[in-house]
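Below: the structure, in structure tokens.
The values are calculated or read from the model by the stated rules, or taken from the named source; none is laboratory data. None of these values were measured; they are calculated from a predicted model. When we count neighbours, we look across all protein chains shown, and the Cβ atoms used for this are built from the backbone with ideal geometry, even at glycine. What goes into the accessible areas is simple: the full protein's heavy atoms, side chains included, and nothing from ligands, DNA or RNA. Shrake-Rupley method; radii C 1.70, N 1.55, O 1.52, S 1.80 Å.
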Amino acid sequence: MWRLFFLLWFAGVFVGCDHPVVSFAPNEVFSLTLAKSRSVVTDAAKADAAAVTEELFGTPDVPRVPPSAAAVISLDRLVRAAGPVSSEKDGTHLGLYREHCVTCHGVSGGGAGPASLYQKPHPRNFRHGVFKWKSTERSAKPTRDDLRSIVQHGAPGSAMPSFAAVEPDDIDALVDYVMYLSLRGEFERRSMAAAIDDLGYGESENGEEEQVAADLRLAASGETDGAEVVAEVLDRVVGDWIAAPEQVVAVTDPDSLGGESLAESIARGNEIFHGKIANCVGCHGPGGNGEAVLVDFDDWGKEYSTRLGLTPSDRDDMRPFRKAGALPPRPAEPRNLTQGVYRGGGDGATLYRRIREGIAGTPMPGIELVAEEDGRGLTSDQVWDLVRYLQSLDPDGPST
Ligand code: HEC
Ligand code: HEC
């Protein structure tokens with residue numbers, strides 16, 4: 001534990017509170033991942049994607065919001081969360097992200113801040129645009145409310161602290177900043193991939209990168225093919241964030257149960273938990289005790305290990321990625337469900353959505369929702385049986 005405190009202190013001194021940060025570092029880890037997966041040279045794609053990203057999104061001290069992204073991010077709030085830590089005469093706080101979040105999530109939101117190394121799981125890498133604790137469909141972005149909630153309450157059982165003491169306006173500004181880092185980070189990744197896959201960057205003979213024709217170079221504006229690809233990537237990423245509020249998973253009302261019938265519902269939930277269709281037991285162990293052995297990793301770490309045919313625990317395999325700034329991949333451990341500790345919330349509606357959609361970025365699958373029992377999916381009543389079973393495992397009783 002002292003190690004964590006020391007790291008936090010160290011990070012506070014050096015990442016610092018009042019240093020200007022001139023630019024976001026290019027995404028070296030993804031560049032290396034692309035180089036390995038496509039067997040190409042990615043230097044030009046990395047440099048051009050970083051340049052276009054900076055043109056559209058600005059820098060850590062002077063952020064910009066591309067016009068289409070103004071539908072989801074407010075520049076006013078963004079500016080308050082960005083830059084070095086300071087206060088205005090009227091008491092407004094500036095530099096909120098560097099004050100509260102950067103030691104863990106890092107300047108660019110890559111999740112590899114100075115205090116991140118020993119954390120399990122690692123701080124979220126916002127650049128993938130994948131979030132775990134949300135009310136929306138598995139592949140959808142979170143809503144503003146989802147992000148506000150995780151920042152306010154933290155993710156109990158992980159290093160993500162609660163910022164309940166931070167003023168609501170400041171939390172709102174931080175939410176914009178998380179969306180900003182995620183949007184710009186995902187835009188950069190997708191542009192880099194599009195440069196290789198669609199624009200012919202990185203085609204090499206004798207390991208040397210060829211010059212890309214002017215018309216095909218990534219560009220933030222203009223009429224070229226490169227500019228068109230950039231505009232498409234931006235539309236796609238912004239569009240996903242705009243769509244999120246429409247993708248909130250509907251929760252059917254549970255039957256109101258009391259006494260005997262609650263016990264019956266819990267008993268049915270127990271059976272479903274241990275049964276073939278949901279097979280929660282396969283990962284969470286009998287009675288949810290967390291003792292089933294599943295050695296798998298989360299998607300953030302898999303991208304530069306198992307998906308490239310590399311072994312996450314092999315130091316030699318991981319060395320180039322570690323040098324590029326990647327954290328060692330983390331196993332995604334199924335939770336012990338008997339302690340009543342939920343990172344994403346333990347109220348009925350939240351657990352219902354968790355079971356329905358699974359957990360994005362992790363091996364936990366969703367279930368198929370069916371109108372009638374058919375041997376493949378679960379009905380919404382059965383999902384409620386499971387929710388009640390989970391809540392019955394909580395030593396403190398269900399949270400509301
Ligand atoms: C001490 C380290 C630490 C600090 C400080 C920290 N976080 Fe986190 N954060 C984490 C960890 C670890 C996770 C991953 C939790 C998980 O995977 O369950 C996380 C996850 C998140 C998530 C992702 C939730 C999801 O649905 O996937 C968001 C959003 C987030 N943090 C925002 C913030 C913001 C904003 C701040 C500053 C106000 C902040 N964090 C400060 C460690 C930290
Ligand atoms: C393939 C393995 C797998 C299966 C099957 C599975 N889970 Fe999970 N589950 C996980 C993993 C891994 C986590 C931890 C994810 C994390 O926090 O990163 C998890 C976490 C959870 C959590 C904690 C959520 C939180 O907010 O902290 C709940 C609740 C849960 N699972 C319930 C279930 C139920 C109910 C089922 C059956 C319908 C189920 N799981 C099936 C792997 C699985």
Accessible surface of the range 2-247, 1.4 Å probe, proportion on carbon and sulfur as whole %: 53
Cβ crowding within 10 Å averaged over residues, with 178-189, 23-34 ranked highest first: 178-189, 23-34
For the range 198-280, average projected area of the Cα convex hull in nm²: 11.6
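Please give the charge dipole size of the chain, origin at the Cα centre, charges +1 on K and R Cβ atoms and -1 on D and E Cβ atoms. Round to the nearest 20 debye. Intermediate results must be reported in sequence, preceding the final value.
On the way: 39 positive and 60 negative charges, 263 e Å.
Using only the charged Cβ atoms, the result is roughly 1260 debye.
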Residues whose placed amide H lies under 5 Å from that of Phe297, excluding near-sequence neighbours: Ala332
Projected-area average for the range 2-247 over all orientations - Cα convex hull basis, square nanometres: 14.4
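If you roll a 1.4 Å probe over the heavy atoms of the protein chains, what accessible area per residue do you get for the range 280-328, in Å²? Intermediate values should be presented prior to the final figure.
Details: 2610 Å² over 49 residues.
The answer is 53 Å² per residue.
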5 angstrom amide H check on Leu94, placed H, neighbours 5+ away: Ser86, Ser87, Glu88
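Contact order normalised by length for the chain, with contacts defined as Cα pairs under 8 Å and 6 or more residues apart; what percent is it? Kindly include the intermediate steps, with their values, before the conclusion.
Details: 655 pairs, mean separation 65.5, N = 400.
Relative CO of the chain lands at 16 percent.
Using alpha-carbon pairs under 8 Å, 6+ residues apart, how would you state the relative contact order of the range 237-292 in percent?
Working: 24 pairs, mean separation 7.8, N = 56.
Once normalised by length, the contact order is 14 percent.
For the range 2-247, with every protein chain kept in place, what is the accessible area per residue (1.4 Å probe, Å²)?
Values: 11370 Å² over 246 residues.
With the other protein chains kept in place, the range 2-247 gives 46 Å² per residue.
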Within the chain, helix-based [θ] at 222 nm, where runs of 4 or more DSSP H residues each add -39,500 (n - 2.57), nearest 500: -13000 deg cm²/dmol
For the range 280-290, Karplus couplings with θ = phi - 60° (6.51, -1.76, 1.60), whole Hz, Gly/Pro x: 4, 4, x, 10, 8, x, x, x, x, 6, x
Selection from Thr136, Ile196, Tyr180 lying farthest towards where the dipole of the range 2-247 points positive, charges on Cβ: Thr136
Hz values of 3J(HN,Hα) by residue in the range 260-272 - Karplus curve (6.51, -1.76, 1.60), Gly and Pro given as x: 3, 6, 5, 4, 5, 4, 4, 5, 5, x, 4, 5, 5
Nearby lysines by direct alpha-carbon distance to Lys36 (threshold 26 angstrom, same-chain neighbours under 8 apart not counted): Lys46, Lys302, Lys323
In order through the range 189-199: 3J(HN,Hα) via Karplus (6.51 cos²θ - 1.76 cosθ + 1.60), integer Hz, x for Gly, Pro: 4, 5, 5, 5, 5, 5, 4, 6, 7, 10, 10
Contact order relative to length of the range 166-285, as percent, for alpha carbon pairs under 8 angstrom and 6 or more apart: 14
